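Here the structure comes first, spelled out in structure tokens, and everything after it is commentary.
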Amino acid sequence: MNKILVLATSLAVIFGASAFAGDDSQAARATTALKGVPAPEMPAKATGMIKAASKAERKATTIQVVKAAVTLNPASAPAIVGAIAREIPASAPLAAATAAAQQPGQASAIAKAAAAAAPAQAGAIAGAVCRAVPNQYRNVAVAVAQAIPQSTKQILEAIASAIPELKASIEKVLAGYSGGMSVASSLEKAAPAPGGSGGNTSPDTVFTGFRGPATAPPYVGLSGTATNSAPGTPGEQPPGGRNYAAP
């Protein structure tokens, strides 16, 4: 029994190592193929590499190609994802989430570009990107809604699935959903943002009011009774006045 357990463990380690080696090899090939490609040509080149992959390898290829392309040319992340989404709509959510994880600061722009290129995938794109960068779910959801305004309900459903903490509150909002509701107002009802705004607000950007001057060390308070000094008699004056000797 122990021998069988040892053999099974060994096989698992071997196959696991092979999988990692395969991922590393694929990543290296993607980087080599894209290295030196001019920025304007990067979206088309990355898309072509993914389209050339077999159906069984498409998911892994999408991840590695997007990672390599975005690492080599971060500024082109939205354009790269948009091109992939346009040519291969089914790969749009994965491509957008992979790029957003690489470039969180561009998550909203990436999601918007993907949704604009693959409108039918708007909800799936919003959900995938929010899973990759959950702290930006508001901005991502609103960006996708701006690209595809008619996808409000799908976006909200995707956010509820991607952010479990919001599931109950979003479902409550969806229960009374009407066609005129926006993603921003719906999310505000489901989970009001700090400070009452509809966007993300970090603790260091919340206005806390003005603060008056404070007394702090090395300030030392005066002791004794305050006295008036006549003009021309600078300095401290002891209690009772100055004691000059008679002439």
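A straight chain from Ala75 to Glu57 at 0.36 nm per residue would run longer than the Cα-Cα distance by 3.8 nm. Would you work out if region 54-104 is rounded, prolate or oblate? Take a ≥ b ≥ c from the square roots of the eigenvalues of the alpha-carbon gyration tensor; rounded if a/c is under 1.5, else prolate when a/b is larger than b/c, oblate otherwise. Prolate is the answer for region 54-104, as a/c is 1.5 or above and a/b outweighs b/c. For the residue pairs Lys35/Lys59; Lys67/Lys153; Lys59/Lys172; Lys59/Lys112; Lys45/Lys112, the alpha carbons lie more than 26 Å apart in Lys67/Lys153; Lys59/Lys172. Applying 0.36 nm per residue to the separation of Ala175 and Thr32 and subtracting their alpha-carbon distance, the gain on full extension is 46.4 nm. Taking other residues whose beta carbon is less than 13 angstrom from the beta carbon of Arg58, and scoring Lys, Arg as +1 and Asp, Glu as -1, yields +1. Simple spin-label estimate for Arg86 and Ala39 gives 1.8 nm between the two label positions (7 Å along the Cα-to-Cβ direction from each Cα).
Counting charges near Ala114 (Lys, Arg +1; Asp, Glu -1) among other residues having Cβ under 15 Å from its Cβ returns a value of +2. Of the peptides 74-80, 29-35, the order by per-residue mean of other Cβ atoms within 10 Å, starting with the highest, comes out as 74-80, 29-35.
Read-outs throughout are calculated quantities, based only on the coordinates presented, and are distinct from any laboratory measurement. Fair warning: this is a prediction, and the values are worked out from it, not measured in the lab. Neighbour counts run over all protein chains shown; Cβ positions are idealised from the backbone, glycine included.
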